[in-house]
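See below for the structure under consideration.
The values are calculated or read from the model by the stated rules, or taken from the named source; none is laboratory data. From a predicted model like this one, the values you see are computed outputs, not experimental measurements. Glycine also receives a Cβ, built like all others from the backbone with ideal geometry; neighbour counts cover every protein chain displayed. Surface areas here come from the heavy atoms of the whole protein model, side chains and all, with no ligands, DNA or RNA. Shrake-Rupley method; radii C 1.70, N 1.55, O 1.52, S 1.80 Å.
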Amino acid sequence: MKISEDIRYVGVNDHKVDLFEGQYPVPNGMAYNSYVVLDEKVTVFDTVDQNFSREWLSNLADVLGTRKPDYLVVQHMEPDHAANVATFMSAYPEAKIVASAQAFGMMRNFFGTDWKDRQVVVKEGDTLATGRHTFAFVAAPMVHWPEVIVTYDTADKVLFSADGFGKFGANDVVDPEGWDCEARRYYIGIVGKYGPQVLALLKKAAGLDIRTICPLHGPILDTPDAIAHAVKQYTTWASYAVESEGVLIAYTSVYGHTKAAVELFAEMLRERGCPKVVVADLARDELFETVEDAFRYGKLVLATTTYNGEIFPFMRTFISHLTERNYQNRTVGFIENGSWAPTAARVMKGLFEKSKNLTFCMNTVKILSALNETSTAALAALADEICGGCAQ
Ligand code: FEO
(Lines give C-alpha, C1' and ligand atoms only; values in the text may rest on other atoms or scores of the structure.)
Protein backbone atom coordinates (compact mmCIF):
# COMPACT_ATOMS: atom_id res chain seq x y z
CA MET A 1 0.00 0.00 0.00
CA LYS A 2 1.29 3.39 -1.04
CA ILE A 3 0.82 6.23 1.43
CA SER A 4 2.75 8.86 -0.48
CA GLU A 5 5.20 8.78 -3.38
CA ASP A 6 7.79 7.10 -1.20
CA ILE A 7 6.01 5.95 1.95
CA ARG A 8 4.75 2.36 1.94
CA TYR A 9 2.68 0.28 4.36
CA VAL A 10 4.27 -3.02 5.41
CA GLY A 11 2.13 -3.91 8.44
CA VAL A 12 0.14 -7.07 9.14
CA ASN A 13 -3.38 -8.06 10.22
CA ASP A 14 -3.83 -10.43 13.14
CA HIS A 15 -7.00 -12.53 13.06
CA LYS A 16 -5.81 -15.06 15.61
CA VAL A 17 -5.39 -12.81 18.63
CA ASP A 18 -8.22 -13.29 21.12
CA LEU A 19 -7.22 -10.75 23.76
CA PHE A 20 -5.16 -7.73 22.75
CA GLU A 21 -2.66 -6.83 25.48
CA GLY A 22 -3.95 -9.85 27.37
CA GLN A 23 -7.34 -8.38 28.23
CA TYR A 24 -9.18 -6.58 25.42
CA PRO A 25 -11.35 -8.81 23.19
CA VAL A 26 -10.79 -7.93 19.53
CA PRO A 27 -13.51 -9.69 17.50
CA ASN A 28 -12.37 -7.92 14.34
CA GLY A 29 -8.71 -8.76 14.90
CA MET A 30 -5.89 -6.28 15.23
CA ALA A 31 -3.51 -4.50 12.87
CA TYR A 32 0.15 -3.97 13.67
CA ASN A 33 1.19 -1.20 11.33
CA SER A 34 4.70 -0.67 10.04
CA TYR A 35 5.94 1.73 7.38
CA VAL A 36 8.88 2.20 5.05
CA VAL A 37 10.11 5.50 3.69
CA LEU A 38 12.11 5.01 0.48
CA ASP A 39 14.38 8.01 0.30
CA GLU A 40 18.11 8.36 -0.41
CA LYS A 41 18.33 6.48 2.84
CA VAL A 42 15.65 3.94 3.68
CA THR A 43 13.82 4.18 6.99
CA VAL A 44 11.50 1.61 8.56
CA PHE A 45 9.01 2.69 11.21
CA ASP A 46 8.48 0.05 13.88
CA THR A 47 8.19 -3.72 13.68
CA VAL A 48 5.21 -5.97 14.43
CA ASP A 49 4.02 -8.66 16.84
CA GLN A 50 6.20 -11.75 17.33
CA ASN A 51 3.75 -14.04 15.50
CA PHE A 52 4.21 -12.15 12.24
CA SER A 53 7.99 -12.03 11.80
CA ARG A 54 8.00 -13.89 8.52
CA GLU A 55 5.06 -12.05 6.97
CA TRP A 56 6.46 -8.68 7.98
CA LEU A 57 9.98 -9.42 6.68
CA SER A 58 8.40 -10.58 3.44
CA ASN A 59 6.30 -7.38 3.15
CA LEU A 60 9.45 -5.43 3.83
CA ALA A 61 11.49 -7.33 1.26
CA ASP A 62 8.80 -6.78 -1.40
CA VAL A 63 8.92 -3.04 -0.87
CA LEU A 64 12.70 -2.83 -0.58
CA GLY A 65 13.53 -4.82 -3.72
CA THR A 66 17.29 -4.74 -3.94
CA ARG A 67 17.64 -1.96 -1.39
CA LYS A 68 18.51 -2.36 2.28
CA PRO A 69 17.13 -0.30 5.17
CA ASP A 70 19.45 2.23 6.77
CA TYR A 71 17.34 2.96 9.84
CA LEU A 72 14.73 1.30 12.01
CA VAL A 73 12.85 3.90 14.02
CA VAL A 74 11.51 2.31 17.19
CA GLN A 75 8.86 4.66 18.49
CA HIS A 76 7.47 2.37 21.17
CA MET A 77 8.96 -0.67 22.86
CA GLU A 78 5.78 -2.57 23.68
CA PRO A 79 6.11 -6.02 22.12
CA ASP A 80 3.14 -5.64 19.74
CA HIS A 81 5.49 -3.30 17.84
CA ALA A 82 8.99 -4.07 19.01
CA ALA A 83 9.01 -7.89 19.13
CA ASN A 84 10.92 -8.07 15.85
CA VAL A 85 13.67 -5.57 16.56
CA ALA A 86 16.25 -8.33 17.05
CA THR A 87 14.99 -10.20 13.97
CA PHE A 88 15.35 -7.01 11.93
CA MET A 89 18.83 -6.26 13.27
CA SER A 90 19.98 -9.76 12.29
CA ALA A 91 18.35 -9.59 8.86
CA TYR A 92 19.86 -6.16 8.13
CA PRO A 93 23.26 -5.97 9.86
CA GLU A 94 24.09 -2.58 8.33
CA ALA A 95 20.99 -0.86 9.71
CA LYS A 96 20.91 1.43 12.73
CA ILE A 97 18.19 1.81 15.33
CA VAL A 98 16.74 5.25 16.00
CA ALA A 99 15.01 5.48 19.39
CA SER A 100 14.88 7.37 22.67
CA ALA A 101 17.48 6.66 25.36
CA GLN A 102 14.78 5.04 27.47
CA ALA A 103 13.80 2.75 24.59
CA PHE A 104 17.40 1.51 24.35
CA GLY A 105 17.25 0.71 28.07
CA MET A 106 14.14 -1.37 27.41
CA MET A 107 15.90 -3.14 24.52
CA ARG A 108 18.56 -4.30 26.95
CA ASN A 109 15.82 -5.77 29.14
CA PHE A 110 13.86 -7.38 26.30
CA PHE A 111 16.73 -8.58 24.11
CA GLY A 112 19.81 -8.61 26.33
CA THR A 113 21.46 -6.08 24.02
CA ASP A 114 20.92 -2.51 22.92
CA TRP A 115 23.11 -2.70 19.80
CA LYS A 116 25.53 -0.13 21.23
CA ASP A 117 27.43 0.40 17.95
CA ARG A 118 24.30 0.78 15.90
CA GLN A 119 22.38 3.33 17.95
CA VAL A 120 21.04 6.72 16.99
CA VAL A 121 19.65 8.16 20.22
CA VAL A 122 17.08 10.87 19.67
CA LYS A 123 15.10 13.18 21.91
CA GLU A 124 12.50 15.90 21.54
CA GLY A 125 13.52 18.36 18.84
CA ASP A 126 16.10 16.14 17.15
CA THR A 127 15.83 15.53 13.42
CA LEU A 128 17.03 12.91 10.98
CA ALA A 129 17.53 13.80 7.32
CA THR A 130 17.34 10.94 4.83
CA GLY A 131 17.32 12.91 1.55
CA ARG A 132 14.02 14.49 0.59
CA HIS A 133 12.60 13.66 4.01
CA THR A 134 13.51 15.13 7.35
CA PHE A 135 12.03 13.45 10.38
CA ALA A 136 11.41 15.54 13.49
CA PHE A 137 11.09 13.55 16.70
CA VAL A 138 8.59 14.52 19.36
CA ALA A 139 8.62 13.02 22.85
CA ALA A 140 5.26 11.51 23.80
CA PRO A 141 5.84 10.08 27.29
CA MET A 142 3.03 7.83 28.56
CA VAL A 143 1.26 7.74 25.22
CA HIS A 144 1.41 4.88 26.05
CA TRP A 145 4.74 4.02 27.74
CA PRO A 146 7.41 6.48 28.96
CA GLU A 147 9.89 5.90 26.12
CA VAL A 148 7.49 6.78 23.31
CA ILE A 149 8.43 9.14 20.53
CA VAL A 150 6.28 10.15 17.60
CA THR A 151 7.75 11.36 14.34
CA TYR A 152 6.76 14.14 11.97
CA ASP A 153 7.87 13.90 8.36
CA THR A 154 8.35 17.49 7.23
CA ALA A 155 8.40 16.52 3.53
CA ASP A 156 5.05 14.76 3.20
CA LYS A 157 3.46 16.23 6.37
CA VAL A 158 2.94 12.80 7.87
CA LEU A 159 2.68 12.18 11.59
CA PHE A 160 3.83 8.70 12.59
CA SER A 161 1.79 8.71 15.79
CA ALA A 162 2.78 5.43 17.53
CA ASP A 163 -0.18 4.20 19.63
CA GLY A 164 -1.89 7.61 19.29
CA PHE A 165 -4.99 7.54 17.06
CA GLY A 166 -4.96 3.74 17.06
CA LYS A 167 -7.99 1.52 16.87
CA PHE A 168 -8.95 -2.07 17.56
CA GLY A 169 -9.68 -4.15 14.46
CA ALA A 170 -7.65 -5.47 11.55
CA ASN A 171 -7.27 -3.18 8.56
CA ASP A 172 -8.79 -5.73 6.15
CA VAL A 173 -12.13 -5.67 8.02
CA VAL A 174 -14.58 -2.89 7.29
CA ASP A 175 -15.78 -1.79 10.71
CA PRO A 176 -19.55 -1.34 10.43
CA GLU A 177 -19.40 1.11 13.33
CA GLY A 178 -16.88 3.38 11.65
CA TRP A 179 -13.78 4.72 13.41
CA ASP A 180 -15.16 6.07 16.66
CA CYS A 181 -16.43 3.05 18.56
CA GLU A 182 -13.33 0.86 18.50
CA ALA A 183 -11.00 3.87 18.56
CA ARG A 184 -12.75 5.00 21.74
CA ARG A 185 -12.63 1.55 23.37
CA TYR A 186 -8.93 1.38 22.44
CA TYR A 187 -8.18 4.89 23.74
CA ILE A 188 -10.10 4.59 27.03
CA GLY A 189 -8.79 1.09 27.68
CA ILE A 190 -5.17 1.66 26.81
CA VAL A 191 -4.30 5.31 27.34
CA GLY A 192 -7.35 6.52 29.28
CA LYS A 193 -5.30 7.05 32.43
CA TYR A 194 -2.91 9.45 30.69
CA GLY A 195 -5.21 12.32 29.62
CA PRO A 196 -2.79 15.14 30.55
CA GLN A 197 0.04 13.49 28.59
CA VAL A 198 -2.21 13.03 25.55
CA LEU A 199 -3.29 16.68 25.78
CA ALA A 200 0.39 17.69 25.90
CA LEU A 201 1.02 15.72 22.71
CA LEU A 202 -2.06 17.21 21.01
CA LYS A 203 -0.74 20.66 21.90
CA LYS A 204 2.57 19.88 20.19
CA ALA A 205 0.76 18.39 17.18
CA ALA A 206 -1.44 21.48 16.85
CA GLY A 207 1.63 23.40 15.68
CA LEU A 208 2.24 21.02 12.78
CA ASP A 209 0.68 20.92 9.34
CA ILE A 210 -0.48 17.29 9.36
CA ARG A 211 -1.91 15.83 6.15
CA THR A 212 -1.68 12.14 7.12
CA ILE A 213 -1.63 10.28 10.42
CA CYS A 214 0.06 6.88 10.36
CA PRO A 215 -0.72 5.13 13.67
CA LEU A 216 0.64 1.78 14.77
CA HIS A 217 -2.86 0.26 14.89
CA GLY A 218 -5.91 0.77 12.71
CA PRO A 219 -6.50 2.77 9.58
CA ILE A 220 -4.34 5.56 8.23
CA LEU A 221 -6.11 8.90 8.55
CA ASP A 222 -5.53 10.82 5.35
CA THR A 223 -8.30 13.32 4.86
CA PRO A 224 -8.66 16.70 6.59
CA ASP A 225 -12.08 15.64 7.93
CA ALA A 226 -10.82 12.34 9.36
CA ILE A 227 -7.85 14.06 11.01
CA ALA A 228 -9.94 16.92 12.44
CA HIS A 229 -12.50 14.47 13.78
CA ALA A 230 -9.89 12.23 15.40
CA VAL A 231 -8.17 15.23 17.03
CA LYS A 232 -11.54 16.51 18.30
CA GLN A 233 -12.42 13.12 19.79
CA TYR A 234 -8.98 12.76 21.37
CA THR A 235 -9.31 16.23 22.89
CA THR A 236 -12.66 15.26 24.46
CA TRP A 237 -11.42 11.90 25.71
CA ALA A 238 -8.12 13.23 27.05
CA SER A 239 -9.94 16.03 28.87
CA TYR A 240 -12.33 13.53 30.49
CA ALA A 241 -15.14 15.68 29.08
CA VAL A 242 -18.60 14.24 28.49
CA GLU A 243 -18.81 13.15 24.87
CA SER A 244 -22.55 12.38 24.73
CA GLU A 245 -25.47 13.13 27.01
CA GLY A 246 -26.77 9.88 28.42
CA VAL A 247 -26.88 7.48 31.34
CA LEU A 248 -25.02 4.20 31.67
CA ILE A 249 -26.56 1.77 34.15
CA ALA A 250 -24.04 -0.94 35.00
CA TYR A 251 -25.27 -3.76 37.19
CA THR A 252 -24.73 -7.21 38.58
CA SER A 253 -27.59 -9.44 39.62
CA VAL A 254 -27.52 -12.84 41.33
CA TYR A 255 -31.15 -14.02 41.11
CA GLY A 256 -32.62 -11.34 38.84
CA HIS A 257 -34.08 -8.95 41.41
CA THR A 258 -31.44 -6.27 40.90
CA LYS A 259 -31.79 -6.76 37.16
CA ALA A 260 -35.56 -6.22 37.43
CA ALA A 261 -34.92 -2.98 39.33
CA VAL A 262 -32.44 -1.83 36.69
CA GLU A 263 -34.88 -2.56 33.87
CA LEU A 264 -37.59 -0.60 35.63
CA PHE A 265 -35.14 2.22 36.34
CA ALA A 266 -34.07 2.36 32.68
CA GLU A 267 -37.73 2.61 31.70
CA MET A 268 -38.24 5.44 34.20
CA LEU A 269 -35.32 7.35 32.67
CA ARG A 270 -36.66 6.86 29.15
CA GLU A 271 -40.13 8.05 30.25
CA ARG A 272 -38.52 11.17 31.63
CA GLY A 273 -36.93 11.90 28.26
CA CYS A 274 -33.36 10.84 28.96
CA PRO A 275 -31.61 11.16 25.56
CA LYS A 276 -29.74 7.85 25.83
CA VAL A 277 -29.94 5.01 28.34
CA VAL A 278 -27.43 2.17 28.10
CA VAL A 279 -27.76 -0.91 30.34
CA ALA A 280 -24.82 -3.26 30.90
CA ASP A 281 -24.68 -6.57 32.76
CA LEU A 282 -21.19 -6.61 34.20
CA ALA A 283 -21.12 -10.40 34.42
CA ARG A 284 -22.00 -10.92 30.76
CA ASP A 285 -21.42 -7.88 28.58
CA GLU A 286 -17.97 -7.03 27.27
CA LEU A 287 -16.28 -5.24 30.16
CA PHE A 288 -14.33 -2.70 28.13
CA GLU A 289 -17.37 -1.68 26.08
CA THR A 290 -18.92 -0.79 29.41
CA VAL A 291 -15.79 1.00 30.63
CA GLU A 292 -15.82 2.95 27.34
CA ASP A 293 -19.48 3.90 27.84
CA ALA A 294 -18.80 5.11 31.38
CA PHE A 295 -16.30 7.61 29.92
CA ARG A 296 -18.53 8.44 26.97
CA TYR A 297 -21.66 9.45 28.88
CA GLY A 298 -22.06 12.01 31.62
CA LYS A 299 -24.03 9.94 34.10
CA LEU A 300 -23.45 6.54 35.64
CA VAL A 301 -25.74 4.48 37.86
CA LEU A 302 -24.25 1.42 39.55
CA ALA A 303 -26.50 -1.34 40.84
CA THR A 304 -25.23 -4.35 42.73
CA THR A 305 -25.83 -6.79 45.52
CA THR A 306 -24.16 -6.85 48.87
CA TYR A 307 -21.92 -9.89 48.85
CA ASN A 308 -19.70 -11.25 51.62
CA GLY A 309 -20.21 -7.91 53.41
CA GLU A 310 -18.82 -6.27 50.28
CA ILE A 311 -20.05 -5.98 46.70
CA PHE A 312 -20.37 -8.47 43.90
CA PRO A 313 -16.89 -9.06 42.44
CA PHE A 314 -17.74 -7.97 38.87
CA MET A 315 -18.77 -4.57 40.22
CA ARG A 316 -15.56 -4.16 42.21
CA THR A 317 -13.55 -5.01 39.10
CA PHE A 318 -15.55 -2.57 36.98
CA ILE A 319 -15.10 0.30 39.42
CA SER A 320 -11.37 -0.36 39.63
CA HIS A 321 -11.14 -0.16 35.82
CA LEU A 322 -12.77 3.28 36.06
CA THR A 323 -10.76 4.69 38.94
CA GLU A 324 -7.40 3.46 37.62
CA ARG A 325 -8.16 5.37 34.41
CA ASN A 326 -8.84 8.57 36.39
CA TYR A 327 -12.61 8.53 35.96
CA GLN A 328 -13.84 12.06 36.70
CA ASN A 329 -16.22 14.89 35.82
CA ARG A 330 -19.26 12.64 36.00
CA THR A 331 -22.46 12.16 38.00
CA VAL A 332 -22.78 8.84 39.83
CA GLY A 333 -25.81 7.24 41.48
CA PHE A 334 -26.13 3.98 43.42
CA ILE A 335 -28.68 1.19 43.72
CA GLU A 336 -27.90 -1.46 46.31
CA ASN A 337 -29.55 -4.75 47.10
CA GLY A 338 -29.18 -6.80 50.26
CA SER A 339 -31.27 -9.41 52.02
CA TRP A 340 -30.18 -8.68 55.59
CA ALA A 341 -27.48 -5.99 55.79
CA PRO A 342 -27.15 -3.95 52.58
CA THR A 343 -23.81 -2.16 52.43
CA ALA A 344 -23.14 -2.12 48.69
CA ALA A 345 -23.81 1.59 48.13
CA ARG A 346 -21.39 2.60 50.86
CA VAL A 347 -18.73 0.22 49.55
CA MET A 348 -19.15 1.42 45.95
CA LYS A 349 -18.95 5.08 46.95
CA GLY A 350 -15.86 4.35 49.03
CA LEU A 351 -14.12 2.92 45.96
CA PHE A 352 -14.37 6.36 44.33
CA GLU A 353 -12.76 8.03 47.34
CA LYS A 354 -9.69 9.21 45.42
CA SER A 355 -11.57 10.20 42.24
CA LYS A 356 -11.77 13.86 41.30
CA ASN A 357 -14.82 15.90 40.33
CA LEU A 358 -17.51 13.31 40.82
CA THR A 359 -21.00 14.36 41.81
CA PHE A 360 -22.87 11.74 43.81
CA CYS A 361 -26.66 11.66 43.64
CA MET A 362 -28.48 12.48 46.87
CA ASN A 363 -30.93 9.63 46.32
CA THR A 364 -29.52 6.17 46.90
CA VAL A 365 -31.85 3.25 46.28
CA LYS A 366 -31.95 0.44 48.85
CA ILE A 367 -33.62 -2.78 47.75
CA LEU A 368 -34.30 -5.41 50.41
CA SER A 369 -34.18 -8.62 48.31
CA ALA A 370 -36.90 -7.61 45.83
CA LEU A 371 -38.52 -4.38 44.73
CA ASN A 372 -41.42 -3.14 46.86
CA GLU A 373 -43.38 0.07 47.02
CA THR A 374 -40.70 1.90 48.99
CA SER A 375 -37.78 0.92 46.76
CA THR A 376 -39.82 1.58 43.61
CA ALA A 377 -40.53 5.08 44.91
CA ALA A 378 -36.80 5.47 45.62
CA LEU A 379 -36.00 4.44 42.05
CA ALA A 380 -38.41 7.10 40.79
CA ALA A 381 -36.75 9.71 43.00
CA LEU A 382 -33.32 8.77 41.64
CA ALA A 383 -34.68 8.90 38.09
CA ASP A 384 -36.04 12.40 38.76
CA GLU A 385 -32.71 13.47 40.16
CA ILE A 386 -30.69 11.95 37.30
CA CYS A 387 -32.90 13.58 34.71
CA GLY A 388 -32.92 16.90 36.49
CA GLY A 389 -29.21 16.93 37.33
CA CYS A 390 -27.60 15.84 40.57
CA ALA A 391 -26.55 17.80 43.59
CA GLN A 392 -23.00 17.82 44.94
FE1 FEO B 1 0.39 -0.80 20.56
FE2 FEO B 1 1.33 0.33 23.55
O3 FEO B 1 1.42 -0.85 22.14
Review point. With every protein chain present, what accessible area does ASP285 have (1.4 Å probe, heavy atoms only), rounded to the nearest 10 Å²?
Key: 70 Å²
Practice item. From zero up to wherever the largest Cα-Cα distance of region 334-380 sits, split into 5 Å bins and tell me the percent of pairs in each. Key: 5, 21, 25, 24, 13, 9, 3
Study note, to complete from the structure: extent check for region 153-197: Cα max minus min per principal axis, descending, whole Å, gives 34, 30, 13
Point to revise | Accessible-area value, LEU19, 1.4 Å probe, nucleic acids and ligands omitted, Å² | key: 70 Å²
Review point. Taking every DSSP beta bridge that has both residues in region 305-367, what percent is antiparallel when rounded to the nearest 5?
Key: 20 percent
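Between GLU245 and ASN109, what length in nm is gained on full extension when 0.36 nm per residue of separation is reduced by their alpha carbon distance?
Computed gain between GLU245 and ASN109 is 44.4 nm.
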Check your understanding: What is the mean projected area of the alpha carbon convex hull for region 186-227, to one decimal in square nanometres?
Key -> 3.4 nm²
Study note, to complete from the structure: Heavy-atom accessible area with a 1.4 angstrom probe orders THR374, THR134, THR66, THR151, most exposed first, as THR66, THR374, THR134, THR151
Practice item. For region 157-165, take each phi angle, set θ = phi - 60°, evaluate the Karplus expression 6.51 cos²θ - 1.76 cosθ + 1.60, and give the result in whole Hz per residue in order, putting x for glycine and proline. Key: 6, 9, 9, 7, 9, 6, 6, x, 6
Practice item. Consider a paramagnetic label point 7 Å from the Cα of GLU177 along Cα→Cβ; state which residues of region 1-42 have an amide N under 13 Å from it. Key: 25-29
Exercise for review: As a check on your grasp of the helix formula, calculate [θ] at 222 nm for the chain: sum -39500 (n - 2.57) over DSSP H runs of n ≥ 4, divide by the residue count, round to the nearest 500.
Suggested key: -10000 deg cm²/dmol
Review point. What list of ³J(HN,Hα) values in whole Hz, one per residue of region 34-43 in order, does the Karplus curve 6.51 cos²θ - 1.76 cosθ + 1.60 (θ = phi - 60°) give from phi, with Gly and Pro shown as x?
Key: 8, 9, 10, 10, 8, 10, 4, 10, 9, 10
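From Cα pairs below 8 angstrom and at least 6 apart in sequence, can you work out the relative contact order of the chain, rounded to a whole percent?
Averaging sequence separation for qualifying contacts and normalising by length gives 11 percent for the chain.
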Review point. Roughly how many Å² of THR87 are accessible to a 1.4 Å probe, to the nearest 10?
Key: 50 Å²
Practice item. Go through HIS229, HIS81 and list them by solvent-accessible area, largest first, probe radius 1.4 Å. Key: HIS229, HIS81
Exercise for review: Go through PHE45, ASN171, LEU302 and say which Cα lies farthest out towards the positive end of the charge dipole of the chain; charges sit on Cβ, +1 for Lys and Arg, -1 for Asp and Glu.
Suggested key: LEU302
Exercise for review: Could you name the aspartates and glutamates whose alpha carbon sits less than 19 Å from that of LYS157, not counting residues in the same chain fewer than 8 places away?
Suggested key: GLU5, ASP6, ASP39, GLU40, ASP46, GLU124, ASP126, ASP209, ASP222, ASP225
Review point. Shape of region 254-392 from its Cα gyration tensor (a ≥ b ≥ c, root eigenvalues): rounded if a/c is under 1.5, otherwise prolate when a/b > b/c, or oblate?
Key: rounded
**Study point:** Computed label-point distance, nm, for sites ASP225 and ALA129 using a 7 Å Cα→Cβ extension
**Key:** 3.9 nm
**Study point:** Average accessible surface area per residue within the chain, 1.4 Å rolling probe, Å²
**Key:** 42 Å²
Study note, to complete from the structure: With a 31 Å threshold on alpha-carbon distance, the violating pairs from LYS232/LYS299; LYS193/LYS349; LYS16/LYS116; LYS16/LYS299 are LYS16/LYS116; LYS16/LYS299
